[in-house]
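The values are calculated or read from the model by the stated rules, or taken from the named source; none is laboratory data. For clarity, every value in this text was computed on a predicted model and none was experimentally measured. Every residue, glycine among them, receives a Cβ derived from its backbone with ideal geometry; neighbour counts consider all protein chains shown.
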Amino acid sequence: MATEAEAAAAAAAGKPVIVVGVDDSEHSFHALQWTLLHFFSSVAPGHSSSYKLVIVNAKPTPSSVIGLAVAGPGASDALPLVESDLRKIALNVLEKAKEICIAHSVTDVEYEIMEGDARNVLCEAVEKYHAEMLAVGSHGYGAIKRAVLGSVSDYCAHHAHCTVMIVKKPKSKPKH
(Lines give C-alpha, C1' and ligand atoms only; values in the text may rest on other atoms or scores of the structure.)
Protein backbone atom coordinates (compact mmCIF):
# COMPACT_ATOMS: atom_id res chain seq x y z
CA MET A 1 0.00 0.00 0.00
CA ALA A 2 1.40 3.36 -1.01
CA THR A 3 1.92 6.25 1.35
CA GLU A 4 1.04 9.82 0.41
CA ALA A 5 4.75 10.52 -0.18
CA GLU A 6 5.12 7.48 -2.49
CA ALA A 7 2.02 8.51 -4.43
CA ALA A 8 3.37 12.04 -4.87
CA ALA A 9 6.76 10.63 -5.92
CA ALA A 10 5.12 8.46 -8.59
CA ALA A 11 3.33 11.51 -9.96
CA ALA A 12 6.51 13.56 -9.83
CA ALA A 13 8.38 10.84 -11.77
CA GLY A 14 6.70 12.23 -14.85
CA LYS A 15 4.46 9.34 -15.83
CA PRO A 16 0.78 10.17 -16.08
CA VAL A 17 -1.20 8.06 -13.62
CA ILE A 18 -4.26 6.02 -14.51
CA VAL A 19 -6.36 4.81 -11.58
CA VAL A 20 -8.66 1.84 -12.19
CA GLY A 21 -11.39 1.11 -9.67
CA VAL A 22 -12.08 -2.60 -9.19
CA ASP A 23 -14.62 -4.53 -7.17
CA ASP A 24 -15.81 -8.11 -7.40
CA SER A 25 -17.95 -7.46 -10.50
CA GLU A 26 -17.20 -8.62 -14.02
CA HIS A 27 -17.84 -5.02 -15.12
CA SER A 28 -14.87 -3.67 -13.19
CA PHE A 29 -12.57 -6.41 -14.45
CA HIS A 30 -13.72 -5.63 -18.00
CA ALA A 31 -12.77 -1.98 -17.37
CA LEU A 32 -9.33 -3.11 -16.17
CA GLN A 33 -8.82 -5.33 -19.23
CA TRP A 34 -9.98 -2.52 -21.54
CA THR A 35 -7.54 -0.10 -19.91
CA LEU A 36 -4.66 -2.56 -20.20
CA LEU A 37 -5.49 -3.27 -23.83
CA HIS A 38 -5.77 0.40 -24.84
CA PHE A 39 -3.03 2.00 -22.72
CA PHE A 40 -0.50 -0.72 -21.87
CA SER A 41 -0.51 -3.46 -24.54
CA SER A 42 1.49 -1.62 -27.21
CA VAL A 43 4.59 -1.52 -25.01
CA ALA A 44 7.54 -3.42 -26.48
CA PRO A 45 9.02 -6.20 -24.33
CA GLY A 46 11.69 -4.84 -22.02
CA HIS A 47 10.24 -1.31 -22.10
CA SER A 48 7.94 0.28 -19.58
CA SER A 49 4.65 1.94 -20.33
CA SER A 50 4.39 5.68 -20.54
CA TYR A 51 1.65 5.44 -17.87
CA LYS A 52 1.70 4.50 -14.21
CA LEU A 53 -1.15 2.14 -13.26
CA VAL A 54 -2.80 2.21 -9.85
CA ILE A 55 -5.56 -0.29 -9.08
CA VAL A 56 -7.86 0.64 -6.20
CA ASN A 57 -10.44 -1.46 -4.40
CA ALA A 58 -12.92 0.30 -2.13
CA LYS A 59 -13.57 -1.89 0.90
CA PRO A 60 -16.80 -1.04 2.70
CA THR A 61 -16.65 -0.40 6.43
CA PRO A 62 -17.97 -3.28 8.57
CA SER A 63 -20.58 -1.00 10.14
CA SER A 64 -21.92 -0.01 6.70
CA VAL A 65 -22.32 -3.69 5.82
CA ILE A 66 -23.95 -4.72 9.07
CA GLY A 67 -26.14 -1.63 9.02
CA LEU A 68 -28.33 -0.18 11.69
CA ALA A 69 -30.83 -3.04 11.53
CA VAL A 70 -28.63 -5.25 13.67
CA ALA A 71 -27.15 -2.55 15.85
CA GLY A 72 -28.55 -4.23 18.92
CA PRO A 73 -26.83 -6.47 21.46
CA GLY A 74 -24.14 -8.62 19.88
CA ALA A 75 -23.62 -6.41 16.85
CA SER A 76 -20.18 -5.42 18.07
CA ASP A 77 -19.25 -9.11 18.27
CA ALA A 78 -19.94 -9.44 14.55
CA LEU A 79 -17.72 -6.51 13.51
CA PRO A 80 -14.39 -8.41 13.62
CA LEU A 81 -15.88 -11.29 11.60
CA VAL A 82 -17.34 -8.92 9.01
CA GLU A 83 -14.04 -6.99 8.85
CA SER A 84 -12.17 -10.26 8.24
CA ASP A 85 -14.57 -11.27 5.45
CA LEU A 86 -14.39 -7.82 3.81
CA ARG A 87 -10.60 -7.94 3.93
CA LYS A 88 -10.56 -11.41 2.30
CA ILE A 89 -12.91 -10.23 -0.46
CA ALA A 90 -10.74 -7.15 -1.11
CA LEU A 91 -7.55 -9.25 -1.21
CA ASN A 92 -9.20 -11.71 -3.63
CA VAL A 93 -10.29 -8.84 -5.89
CA LEU A 94 -6.74 -7.43 -5.99
CA GLU A 95 -5.31 -10.92 -6.57
CA LYS A 96 -7.59 -11.36 -9.60
CA ALA A 97 -6.59 -7.87 -10.83
CA LYS A 98 -2.93 -8.82 -10.42
CA GLU A 99 -3.46 -12.01 -12.47
CA ILE A 100 -5.11 -9.97 -15.24
CA CYS A 101 -2.21 -7.49 -15.25
CA ILE A 102 0.37 -10.31 -15.38
CA ALA A 103 -1.55 -11.94 -18.26
CA HIS A 104 -1.18 -8.63 -20.12
CA SER A 105 2.54 -8.43 -19.16
CA VAL A 106 1.93 -5.34 -17.02
CA THR A 107 3.94 -5.63 -13.83
CA ASP A 108 4.64 -2.04 -12.77
CA VAL A 109 1.37 -1.64 -10.89
CA GLU A 110 0.40 -0.32 -7.48
CA TYR A 111 -2.49 -2.06 -5.74
CA GLU A 112 -4.37 -0.40 -2.93
CA ILE A 113 -7.31 -1.22 -0.70
CA MET A 114 -8.96 1.94 0.63
CA GLU A 115 -11.80 1.76 3.14
CA GLY A 116 -15.03 3.62 2.50
CA ASP A 117 -17.76 4.21 -0.05
CA ALA A 118 -16.48 3.54 -3.58
CA ARG A 119 -17.58 6.97 -4.83
CA ASN A 120 -15.49 8.82 -2.28
CA VAL A 121 -12.60 6.35 -2.30
CA LEU A 122 -12.06 6.62 -6.06
CA CYS A 123 -12.19 10.42 -6.01
CA GLU A 124 -9.71 10.42 -3.09
CA ALA A 125 -7.40 8.04 -5.00
CA VAL A 126 -7.45 10.42 -7.98
CA GLU A 127 -6.29 13.23 -5.68
CA LYS A 128 -3.75 11.09 -3.82
CA TYR A 129 -2.05 9.85 -6.99
CA HIS A 130 -2.59 13.05 -9.02
CA ALA A 131 -4.24 10.83 -11.64
CA GLU A 132 -4.87 12.08 -15.15
CA MET A 133 -7.52 9.43 -15.73
CA LEU A 134 -9.89 7.26 -13.71
CA ALA A 135 -11.30 4.15 -15.36
CA VAL A 136 -14.40 2.50 -13.92
CA GLY A 137 -16.80 -0.14 -15.14
CA SER A 138 -20.48 0.43 -15.72
CA HIS A 139 -23.13 -2.03 -14.57
CA GLY A 140 -25.48 -0.66 -17.20
CA TYR A 141 -28.33 -0.01 -14.78
CA GLY A 142 -31.37 1.85 -16.03
CA ALA A 143 -32.24 5.33 -14.81
CA ILE A 144 -34.52 4.18 -11.98
CA LYS A 145 -32.15 1.58 -10.54
CA ARG A 146 -29.25 4.04 -10.90
CA ALA A 147 -31.26 6.71 -9.05
CA VAL A 148 -32.11 4.31 -6.20
CA LEU A 149 -28.72 2.63 -5.84
CA GLY A 150 -26.58 5.56 -6.89
CA SER A 151 -24.01 5.16 -9.61
CA VAL A 152 -20.33 5.13 -8.72
CA SER A 153 -19.37 5.97 -12.31
CA ASP A 154 -21.89 8.81 -12.47
CA TYR A 155 -20.64 10.28 -9.18
CA CYS A 156 -17.00 10.03 -10.28
CA ALA A 157 -17.76 11.61 -13.66
CA HIS A 158 -19.08 14.66 -11.80
CA HIS A 159 -16.68 14.84 -8.85
CA ALA A 160 -13.27 13.37 -9.81
CA HIS A 161 -10.73 16.02 -10.77
CA CYS A 162 -9.53 14.19 -13.89
CA THR A 163 -10.80 12.54 -17.04
CA VAL A 164 -13.19 9.70 -16.19
CA MET A 165 -13.45 6.76 -18.57
CA ILE A 166 -16.64 4.77 -18.01
CA VAL A 167 -16.09 1.41 -19.68
CA LYS A 168 -19.25 -0.42 -20.64
CA LYS A 169 -19.20 -4.13 -21.29
CA PRO A 170 -20.57 -4.76 -24.79
CA LYS A 171 -23.91 -6.51 -24.82
CA SER A 172 -23.78 -9.84 -26.59
CA LYS A 173 -25.44 -9.61 -29.96
CA PRO A 174 -28.23 -12.07 -30.68
CA LYS A 175 -27.36 -14.69 -33.26
CA HIS A 176 -29.52 -14.76 -36.39
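One line per residue, one yes/no per condition, for (1) surrounded by fewer than 16 Cβ atoms within 10 Å (Cβ to Cβ); (2) touching a His at 6+ places or on another chain (Cβ under 8 Å); (3) modelled with pLDDT under 95:
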{"residue": "LEU86", "(1), (2), (3)": "no, no, yes"}
{"residue": "VAL93", "(1), (2), (3)": "no, no, no"}
{"residue": "ALA97", "(1), (2), (3)": "no, no, no"}
{"residue": "ILE102", "(1), (2), (3)": "yes, no, yes"}
{"residue": "ASP108", "(1), (2), (3)": "yes, no, yes"}
{"residue": "TYR111", "(1), (2), (3)": "no, no, no"}
{"residue": "ARG119", "(1), (2), (3)": "no, yes, yes"}
{"residue": "CYS123", "(1), (2), (3)": "no, yes, no"}
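Within the stretch 105-122, being under 12 Å from SER153 (Cα atoms) and either part of a loop (DSSP other than H, G, I, E, B) or touching a Cys at 6+ places or on another chain (Cβ under 6 Å) (or both) holds for one residue alone: LEU122.
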